[in-house]
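Below: the structure, in structure tokens.
The values are calculated or read from the model by the stated rules, or taken from the named source; none is laboratory data. Since this is a predicted model, take the numbers as computed values, not measurements. As a convention, Cβ positions derive from the backbone with ideal geometry for all residues, glycine included, and neighbour counts pool all protein chains shown. The protein model used for the area step is the full one, side chains on, heavy atoms only, and it has no ligands, DNA or RNA in it. Shrake-Rupley method; radii C 1.70, N 1.55, O 1.52, S 1.80 Å.
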Amino acid sequence: MDTTKTPAPTAPEADSPADLKKADTTGETTAPVADGTAVTGLTDEEILDEELDSDLDDELDATADAERGNGVGAAASAIVAAGLGLVALSGSWVSRVVAERSTLIGQIDSANSNATSTEAKIEALYGNAWQMTALVNGVLSTIALLIAVFVLALPAFGAPGRTLPTWVRAVSWAAMAIGALGVIVFGVMYFLPLPKAA
């Protein structure tokens, strides 16, 4: 009868310190990812590339957000410029109030000075009011013109290759044309001589 004993299976041997040291020198490491899990088998260079890509994506997102903010501001400025130009050409409430005040002052001055000549009465009652109306509306037109020019020049001070949307440029050009027209019209009105009495 064979009495030879078969050896009992043994547990797998733990890695020795020498084996662990050898595994560390292969250049592979464990890199954390965004969801908290770990990805093995990445080299140090691959981890560095991923970090650089992540930083670049963050910078691009921040730049895109800033450009969207600037685009909203440019669009709002273009609309404001066009509105100011139209208000100036059609006659603003401010210019009407200033003209009425000038007319009242002219009436008071005319009564106090006992102006008898027709030219003096026309100047006191209508001339100053006319000029103040042209002045106020001319200032509004100038402001509209300056805002439109600023909006059109804005891409030159931003990132290279950055442009405004087409409709923003169109509104800005329209506002600039209306503002320039207003400046010319009200400049002529301001310096136009008053009519002479017969």
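Observations on the model:
- Rounded if a/c under 1.5, otherwise prolate or oblate - the range 72-198, Cα gyration tensor axes: prolate
- The packing ranking of peptides 168-179, 88-99, 137-148, highest mean first, is 137-148, 168-179, 88-99, where packing means the average number of other beta carbon atoms within 10 angstrom of each residue.
- Solvent exposure of the range 132-198 as accessible area per residue, Å², 1.4 Å probe: 59
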